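Asker: Submitted below is the structure of interest, expressed as structure tokens.
The values are calculated or read from the model by the stated rules, or taken from the named source; none is laboratory data. It should be emphasised that the depicted structure is a prediction, and the values quoted were computed from it without experimental measurement. Neighbour counts are summed over all protein chains in view; Cβ atoms, including those assigned to glycine, are modelled from backbone coordinates with ideal geometry.
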Amino acid sequence: MWQGQKDRQELAVTGMTDKSFAKTLSLLEEAWEEGAKEAVAVAVSLCSAHKQPPPYWVTLAVACLVSPRYQHDMVHIRRWHLVRILRGEGIPWSDVYDEASRRLAHEGAACAPRSVRESYESVQKQLGSPK
């Protein structure tokens, strides 16, 4: 029996369909976004009871609850990662921070090119890597 079939059987045992499971997790995600921390605990329990992996939002929510610095750190990591992607696309160093700043603005994460550079350099330093 393949894993997907086994997972569906696990959901059926508890009387939940794939659709109702997904809908419940969606409602819990909305509650989390509105500030209900309990929604994360319910989502973790639901996933565990149904032997389903937690969705990405649950993983991030747990990390944010456990480590208040997590969200702050993720901002820097996102900027660093984008610079790495842009460099991989052949964007020269002279343009990479401006381009990253433009792309981040389109994602609703606007910041100055200088902030992108500072985040990138900070993460590189933490990794012990040269430019």
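Asker: Given the criteria outside any loop (DSSP other than H, G, I, E, B) and at pLDDT 90 or above, does Glu10 qualify?
Answerer: Numbers: outside any loop (DSSP other than H, G, I, E, B): yes; at pLDDT 90 or above: no.
Here the answer is no, as Glu10 does not meet what is asked.
Asker: For residues that are touching a residue at least 12 places away in the same chain (Cβ under 8 Å), over 24 Å from Leu60 (Cα atoms) and among the hydrophobic types (A, V, I, L, M, F, W, C), tally how many sit in region 94-131.
Answerer: 1
Asker: Right, next: May I ask you to verify whether Arg87 is touching a residue at least 24 places away in the same chain (Cβ under 8 Å), farther than 30 Å from Gly15 by Cβ and outside the structural domain of Glu29 (by TED's automatic domain parsing)?
Answerer: Values: touching a residue at least 24 places away in the same chain (Cβ under 8 Å): no; farther than 30 Å from Gly15 by Cβ: yes; outside the structural domain of Glu29 (by TED's automatic domain parsing): yes.
So Arg87 fails the test.
Asker: Go through region 85-116 and give me each residue that's over 22 Å from Tyr70 (Cβ atoms), surrounded by fewer than 11 Cβ atoms within 10 Å (Cβ to Cβ) and at pLDDT below 95.
Answerer: Scanning region 85-116 gives a single hit, His106.
Asker: Can you confirm whether region 87-101 contains a residue that is in a helix (DSSP H, G or I), in contact with a Phe, Trp or Tyr (Cβ under 7 Å, 6 or more places away or on another chain) and at negative phi?
Answerer: Here is the first cut: in region 87-101, the ones in a helix (DSSP H, G or I) are 87-88, 93-101.
From what's left, in contact with a Phe, Trp or Tyr (Cβ under 7 Å, 6 or more places away or on another chain): none.
Within region 87-101, not a single residue is in a helix (DSSP H, G or I), in contact with a Phe, Trp or Tyr (Cβ under 7 Å, 6 or more places away or on another chain) and at negative phi.
Asker: Across region 48-86, which residue is farthest from Asp18 (Cα to Cα) among those that are of a type in the set (Gly, Ala, Ser) and in contact with a Phe, Trp or Tyr (Cβ under 9 Å, 6 or more places away or on another chain)? Let's see the steps before the verdict.
Answerer: Here is the first cut: in region 48-86, the ones of a type in the set (Gly, Ala, Ser) are 48-49, 61, 63, 67.
So of that shortlist, the ones also in contact with a Phe, Trp or Tyr (Cβ under 9 Å, 6 or more places away or on another chain) come out as 61, 63.
On the way: Ala61: 22, Ala63: 26 Å.
Out of the qualifying residues, it is Ala63.
Asker: Those residues that are in contact with a Ser or Thr (Cβ under 7 Å, 6 or more places away or on another chain) and not aliphatic (A, V, I, L, M), I need them from region 78-131; list them, please.
Answerer: As a first pass, look at region 78-131 and keep what is in contact with a Ser or Thr (Cβ under 7 Å, 6 or more places away or on another chain): 79-80, 111-113, 116.
Across region 78-131, the qualifying residues are Arg79, Trp80, Cys111, Pro113.
Asker: Select from region 33-78 the residues that are of a type in the set (Val, Ile, Thr) and more than 28 Å from Pro113 (Cα to Cα) and list them in ascending order. Please lay out each step first, then the result.
Answerer: Start the filter on region 33-78 by keeping residues that are of a type in the set (Val, Ile, Thr), which leaves 40, 42, 44, 58-59, 62, 66, 75, 77.
Within region 33-78, Val40, Val42, Val44, Val58, Thr59, Val62, Val66 meet the criteria.
Asker: In the list Leu65, Leu127, Leu27, Leu82, which residue meets the criterion of being of a type outside the set (Lys, Arg) and surrounded by 15 or more Cβ atoms within 10 Å (Cβ to Cβ)?
Answerer: On the way: Leu65 fails: surrounded by 15 or more Cβ atoms within 10 Å (Cβ to Cβ); Leu127 fails: surrounded by 15 or more Cβ atoms within 10 Å (Cβ to Cβ); Leu27 fails: surrounded by 15 or more Cβ atoms within 10 Å (Cβ to Cβ).
Result of the check over Leu65, Leu127, Leu27, Leu82: Leu82.
Asker: Run down Leu86, Leu82, Leu60 and say which single residue is within 22 Å of Ser129 (Cα to Cα) and within 15 Å of the chain's Cα centre (by Cα). Even if it seems obvious, please write down each step before you answer.
Answerer: Working: Leu86 fails: within 15 Å of the chain's Cα centre (by Cα); Leu60 fails: within 22 Å of Ser129 (Cα to Cα).
Result of the check over Leu86, Leu82, Leu60: Leu82.
Asker: Yes or no: Ser119 surrounded by 17 or more Cβ atoms within 10 Å (Cβ to Cβ), of a type in the set (Gly, Ala, Ser) and closer than 19 Å to Pro130 by Cα?
Answerer: Numbers: surrounded by 17 or more Cβ atoms within 10 Å (Cβ to Cβ): yes; of a type in the set (Gly, Ala, Ser): yes; closer than 19 Å to Pro130 by Cα: yes.
It is true that Ser119 is surrounded by 17 or more Cβ atoms within 10 Å (Cβ to Cβ), of a type in the set (Gly, Ala, Ser) and closer than 19 Å to Pro130 by Cα.
Asker: Tally time: how many residues in region 32-71 are more than 21 Å from Ala109 (Cβ to Cβ), in contact with a Lys or Arg (Cβ under 9 Å, 6 or more places away or on another chain) and in a helix (DSSP H, G or I)?
Answerer: Final tally of qualifying residues: 1.
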